[in-house]
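Colleague: I have a structure here, written as structure tokens, and I will follow up with some questions on it.
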Amino acid sequence: MGGELYSHLEERIRPFIDLIDNLRKIGIHKDISLPTIVVIGDQSSGKSSVVEALSGVALPRGTGMVTRCPLELKLRKVTGADWTANISYGQKITETVNSSVVFRPRQEQRTSYRPKTIRFEDPSLVERYVQEAQNEVAGDASEISDQLITLEIRAPDVCDLTLIDLPGIARVPVQGQPRDIGNQIKTLIMKFIEKPETINMVVVPCNIDIATNEALKMAQEVDPEGTRTVAVLTKPDLIDVGTEKNILAIAQNKVIQLRKGYIMVKCRGQQQIDRKIPLEEAVQMEKDFFKRHRHFKCLLSQNKATIPCLATNLTDYLVDHIKKALPQLDAQIKQQSSEVRKELKEIEGGPPQDPQGAKEYLIKTLLSFNDKIKSLSLGELIVSGNLYTQLRKEYEKWNDHLNSTMSSFNHPTARVKEQIVQNRGRELAGFSSYRVFEMFLQEHVAQLKDPAIVLLNTIKDIVLKQFLCVSDEFFRRYPALLNIITNKIDQIQSSQRSKAEERIMEQFEMEKMISTQDKIYYKTLNENGDETFSEAQLPVCDIASKYSDMLKAYYEIMVQRMSDQVPMLTRYFMLKEAAELLCNDMLTLLDRDDVCEILSEDSDIGRKRKDLQDRLNRLNTAQEEICTFI
């Protein structure tokens, strides 16, 4: 292809191409999708032949899966300069690192990609370098990768165009390939073609049924209106005689309609490659083929045939796409800049490195932490769900359980009589034993111990989670300090739980005494019974027929007492006093000699801060580029 072929395009398109190039150099494509052309097609569809015809260089060819990584081909017309190229990609590096998890530190494998660039001036080396790059990025010949390989060619006889060649769609895995290789390739392709910023160039052989072509079906799925899809028809010399009119109808957009239509090309065949026919000569041979073809020669005048026509149309499509995308790109950059600034503000800065500055920083941080813990204990701070709402819910369950046990007193007379008979001493018949009354109630009270301990453990878990949530908010950047504070919280909660359990058990021991004020007892008894009793009636009320009411009245008093007392004990020891102990314990950290060490940041935080700052710089620079262009 001669340099004069695309010279008429250069002045009009170069500013847009340069803008996208500059944005890529800035690295904005890591954050926002840029307008580009991707090439998709089934294996052996002629996809590689089309790409090499556009680029003017020989790319890896053969049967099976030749393209195993997305290959970004950047063609740049440079007048009066020699042919040069750069191939750039991320060299795969796998290293073992220590996890930053505080509670269960472990080693894990981390994969990264080290930038690698090779500059060369011999076009015949392209195939070799692309194959080597694929092997370094994707491993052996059976694997694929979504990591981009960029081949930039600067020459006087190419058009200004950027496109990405994707792996060909495979249906049946060959030896050494994973069984789901077809799905892997489709997933990779979909990752590129579904983006609205992408123009999809679908390569379809003329000698197959276009309606069943997998690549075209995938393009239609993401672009049902066909507004950003262009189809390239290859191998027109291999069609069956008599099918020419059907193929022509497809090329003229009369069968499966696409807004950008179809372009037919005839690239070098294997025989021409073996004879080492230059691409320039192949272009002329292609043109002669269409001129002589009885059915397809009309496509020349319609600008729907030959590689030069394809290159011109693709360039026009890309420039138009860039023009339409600029306002959206500008809006996306502004939105992401705002989000990054907000995220960066949360982790900006860090503790001073000198001991005095570090101690002052720690004092400020601990005081702020203590304020939040106090607010949390008072119900003035909502961290992860309202703490008091959770506590109240558990206390209501406790109260409901206590009330449910009262049903056992509805008809206790028979059991009481049995106990009287079994425990009767020297008293005459008709006199009741108070010991029986006590034993009956104590038996029921004892059954409440296990539910009370369950409640205590539940409250401990809720408060512990809330305390750890506040700790993580303040100290997640400092693993050593977070580990110290986490241990303190756990120790305090465990100690407080033991104290609370001891007090709860004391409460149950006191409940064995069966005691309440007479006025309270009579009041409850009268509210639940059919008769009214008072001290003046004693001991008339002590009769077997009233045992049910008497037991139930006292148990109701005890339930009301325990319904309040156990929650108050758990709340006092597990929340109020635990918060006070934690706040006091925090201040002892100021006496440590290793303040700088315990304030050492998590390496992931430092890395994240750097990544966010780099990203913000990219976004700001990209916004300046677009503003000057618009």
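The values are calculated or read from the model by the stated rules, or taken from the named source; none is laboratory data. Source: prediction; values computed, not measured. Cβ sites come from the backbone with ideal geometry, for glycine too, and all protein chains shown count toward neighbours. For accessibility, only protein heavy atoms count, side chains too; no ligands or nucleic acids. Shrake-Rupley method; radii C 1.70, N 1.55, O 1.52, S 1.80 Å.
Colleague: Touching a Ser or Thr at 6+ places or on another chain (Cβ under 8 Å) and assigned to a helix (DSSP H, G or I) - does that describe any residue in the stretch 33-47?
Modeller: The answer is yes; a qualifying residue exists.
Colleague: Another question, if that's okay. Looking at the stretch 476-488, is at least one residue out of contact with any helix residue (DSSP H, G or I) (no Cβ under 6 Å at 6 or more places or on another chain), open to solvent by less than 30 Å² (accessible area, probe 1.4 Å), closer than 19 Å to L599 by Cα and not hydrophobic (A, V, I, L, M, F, W, C)?
Modeller: Looking for residues that are out of contact with any helix residue (DSSP H, G or I) (no Cβ under 6 Å at 6 or more places or on another chain), open to solvent by less than 30 Å² (accessible area, probe 1.4 Å), closer than 19 Å to L599 by Cα and not hydrophobic (A, V, I, L, M, F, W, C), one finds at least one in the stretch 476-488, hence yes.
Colleague: What are the pairs, 6+ residues apart or on separate chains, where a residue within the stretch 264-290 that is at pLDDT below 90 has its Cβ under 9 Å from a residue that is surrounded by 14 or more Cβ atoms within 10 Å (Cβ to Cβ) and among the acidic types (D, E)?
Modeller: That search, which allows pairs on different chains as well, returns C267/E52; C267/E286; R268/E52; R268/E286; L279/E52; E280/D157.
Colleague: Which residue pairs have Cβ atoms closer than 7 Å, lie 6 or more positions apart in sequence or on different chains, and pair a first residue in the stretch 113-125 that is under 8 Å from A85 (Cβ atoms) with a second residue that is small (G, A, S) and surrounded by 13 or more Cβ atoms within 10 Å (Cβ to Cβ)?
Modeller: Every condition considered, the pairs that remain are F120/A85.
Every residue, every condition in (1) in a helix (DSSP H, G or I); (2) touching a helix residue (DSSP H, G or I) at 6+ places or on another chain (Cβ under 7 Å); (3) among the charged types (D, E, K, R), yes or no:
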position	(1), (2), (3)
S338	yes, no, no
E346	yes, no, yes
P351	no, yes, no
A358	yes, yes, no
Y361	yes, no, no
S375	yes, no, no
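Colleague: Looking at A282, A249 in this structure, which one is exposed (fewer than 15 other Cβ atoms within 10 Å of the Cβ), of a type in the set (G, A, S) and at negative phi?
Modeller: A249
Colleague: So which pairs qualify, if the first residue must be in the stretch 586-598 and more than 17 Å from N370 (Cα to Cα) and without any contact (Cβ under 8 Å) to a residue 12 or more places away in the chain, the second must be open to solvent by less than 90 Å² (accessible area, probe 1.4 Å) and aliphatic (A, V, I, L, M), the Cβ gap must be under 8 Å, and the two must be at least 6 apart or on different chains?
Modeller: Qualifying pairs under 8 Å: R592/I598.
Colleague: Let me ask you something else. Just for the stretch 143-161: of the residues that are open to solvent by less than 10 Å² (accessible area, probe 1.4 Å) and at pLDDT 85 or above, which one is nearest to A311 (Cα to Cα)?
Modeller: Among those that are open to solvent by less than 10 Å² (accessible area, probe 1.4 Å) and at pLDDT 85 or above, it is L161.
Colleague: Okay, next question. Enumerate the pairs (first residue in the stretch 326-341 and of a type in the set (V, I, T); second residue anywhere and surrounded by 13 or more Cβ atoms within 10 Å (Cβ to Cβ) and not in a helix (DSSP H, G or I)) with beta-carbon separation below 7 Å, excluding pairs fewer than 6 apart on the same chain, so at least 6 apart or on different chains.
Modeller: Cβ pairs passing all conditions: I333/I32.
Colleague: Out of (1) open to solvent by 30 Å² or more (accessible area, probe 1.4 Å); (2) outside any helix (DSSP H, G or I), what's the single condition that is false for K186?
Modeller: (2)
Colleague: Are any residues in the stretch 593-615 surrounded by 13 or more Cβ atoms within 10 Å (Cβ to Cβ) and part of a loop (DSSP other than H, G, I, E, B), and if so, which ones?
Modeller: L599, S600, E601, D602 - these are the residues of the stretch 593-615 that are surrounded by 13 or more Cβ atoms within 10 Å (Cβ to Cβ) and part of a loop (DSSP other than H, G, I, E, B).
Colleague: Looking at the stretch 189-209, which of its residues are farther than 17 Å from R259 by Cα, more than 31 Å from the chain's Cα centre (by Cα) and either part of a helix (DSSP H, G or I) or not charged (D, E, K, R) (or both)?
Modeller: P205, C206, N207, I208
Colleague: Pairs under 7 Å by beta carbon, first residue closer than 11 Å to I208 by Cα in the stretch 232-253, partner open to solvent by 60 Å² or more (accessible area, probe 1.4 Å), six or more apart or different chains?
Modeller: K235/N207; L238/N207; I239/N207
Colleague: Continuing with the same structure: Exactly one of these conditions fails for H295: (1) over 24 Å from V38 (Cα atoms); (2) part of a helix (DSSP H, G or I). Give me its number.
Modeller: (2)
Colleague: Tell me the residue from Y547, Y555 that is in a helix (DSSP H, G or I), modelled with pLDDT under 80 and buried (at least 20 other Cβ atoms within 10 Å of the Cβ), please.
Modeller: Being in a helix (DSSP H, G or I), modelled with pLDDT under 80 and buried (at least 20 other Cβ atoms within 10 Å of the Cβ) holds for just one of Y547, Y555, which is Y547.
Colleague: Select, from M568, M562, the only residue that is open to solvent by less than 60 Å² (accessible area, probe 1.4 Å) and either part of a helix (DSSP H, G or I) or farther than 28 Å from L481 by Cα (or both).
Modeller: Residue meeting the stated conditions: M562.
Colleague: Can you tell me which residue among L455, L482, L464 is at pLDDT 85 or above, among the aliphatic types (A, V, I, L, M) and out of contact with any Phe, Trp or Tyr (no Cβ under 9 Å at 6 or more places or on another chain)?
Modeller: One residue alone meets the criteria, L464.
Colleague: Contact list please: Cβ distance under 6 Å, first residue in the stretch 434-451 and under 28 Å from A500 (Cβ atoms) and in contact (Cβ under 8 Å) with a residue 40 or more places away in the chain, second residue open to solvent by less than 30 Å² (accessible area, probe 1.4 Å) and part of a helix (DSSP H, G or I), pairs at least six apart or on different chains.
Modeller: V445/E511; K449/F508
Colleague: Ok, one more. Just give me the residues in the stretch 378-398 being over 33 Å from the mean Cα position of the chain (by Cα) and in contact (Cβ under 8 Å) with a residue 60 or more places away in the chain, in sequence order.
Modeller: If the condition is that a residue be over 33 Å from the mean Cα position of the chain (by Cα) and in contact (Cβ under 8 Å) with a residue 60 or more places away in the chain, then E394, Y395, W398 are the ones that fit.
Colleague: In the set K465, K499, which member is open to solvent by 10 Å² or more (accessible area, probe 1.4 Å), assigned to a helix (DSSP H, G or I), more than 16 Å from I373 (Cα to Cα) and in contact (Cβ under 8 Å) with a residue 12 or more places away in the chain?
Modeller: Going through K465, K499 in turn, the sole match is K499.
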